[in-house]
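Notes follow once the structure below has been shown.
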Amino acid sequence: EAEVAQSPRYKITEKSQAVAFWCDPISGHATLYWYRQILGQGPELLVQFQDESVVDDSQLPKDRFSAERLKGVDSTLKIQPAELGDSAMYLCASSQSTESALHFGNGTRLTVT
Amino acid sequence: GENVEQHPSTLSVQEGDSAVIKCTYSDSASNYFPWYKQELGKRPQLIIDIRSNVGEKKDQRIAVTLNKTAKHFSLHITETQPEDSAVYFCAARSNTNAGKSTFGDGTTLTVKP
């Protein structure tokens, strides 16, 4: 079964440093999502792409977070500068369309020290 | 925007008993309701979903019911097994909001052997 690939699996960084996460969705999936999951809570949507276009980034802290999906395939989420409160699991998900089920990657666990 | 509340936050049952997890949503335009299972350190995986034109759906030991009037839906697991122990998340999605999925905060289910 095809899977969403994410890297790195774990990342430890000091506050004020830059950090980047990468996601490769399932082939053919037009919709890509970045979620943040804080321990004990459900995933919270940061940004949603339809092909290469952002369709929802209302919850993305744009002063420090940026996301791109230049060719409408893989995507990168960047944080600069990282803050202590950014420590969380960052999950990427993809779906064939906005009406299809989400398939999640294994996530990147970020720890900011 | 959509608000999803999930109860209980923790649930402990004896092996063989049934488990029920309930969610309520606020957006009457929501029309798709998936349930995800997340084992420790792993990604959320879809276990069952239901669309708003259906009141109930069953897959072996798992069933989901939807009450559109009351805006609530429930996950039912019968004949629970220790391997059912995990965190379960409900979600609600409305196609009027670019297909954004809003998640509940999760229920930690423990099945005691």
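Quick note: the coordinates plus some simple rules give every number you see, no bench work behind them. Because the structure is a prediction, the values reported are computed rather than measured. Note: ideal-geometry Cβ built from the backbone for every residue, glycine included; neighbour counts use all protein chains shown.
At a Cα cut-off below 20 Å, give the lysines reachable from B:K57, other chains included and same-chain residues fewer than 8 away excluded.
Reachable lysines: B:K22, B:K37, B:K68, B:K71.
Along the Cα→Cβ direction, 7 angstrom out, place labels at A:V55 and A:S97. What is the inter-label distance in nm?
1.0
Three principal axis extents, largest first, for the C-alpha atoms of chain B, in Å?
44, 28, 20
Exposed loop trypsin sites (Lys or Arg not before Pro) only (DSSP loop, at most 16 other Cβ atoms within 10 Å): please give the longest stretch of chain A free of them, not including the sites.
Values: sites that count: A:R9, A:K15, A:K62, A:R64, A:K71.
Counting at most 16 other Cβ atoms within 10 Å as exposed, the longest clean stretch of chain A is A:16-61.
Give me the distance between the Cα centres of region B:51-99 and region A:8-68, rounded to whole Å.
That distance is 26 Å.
Compute the distribution of all C-alpha to C-alpha distances in region B:21-79, in bins of 5 Å from 0, and list the percent of pairs in each, rounded to whole numbers.
Calculated P(r), rounded to whole percents: 4, 18, 30, 22, 16, 7, 3, 0.
Go from 0 up to the bin containing the longest alpha carbon distance in chain A, width 5 Å each, and give me the % of pairs per bin.
Whole-percent P(r) values from 0 Å outward: 2, 13, 24, 27, 19, 10, 4, 1.
Evaluate E = 1/(1 + (r/R0)^6) for A:V73 and B:Q14, where r is the Cβ-Cβ distance and R0 equals 41 Å; express this FRET efficiency to the nearest 0.05.
Working: r = 47 Å, r/R0 = 1.16.
Calculated transfer efficiency: 0.30.
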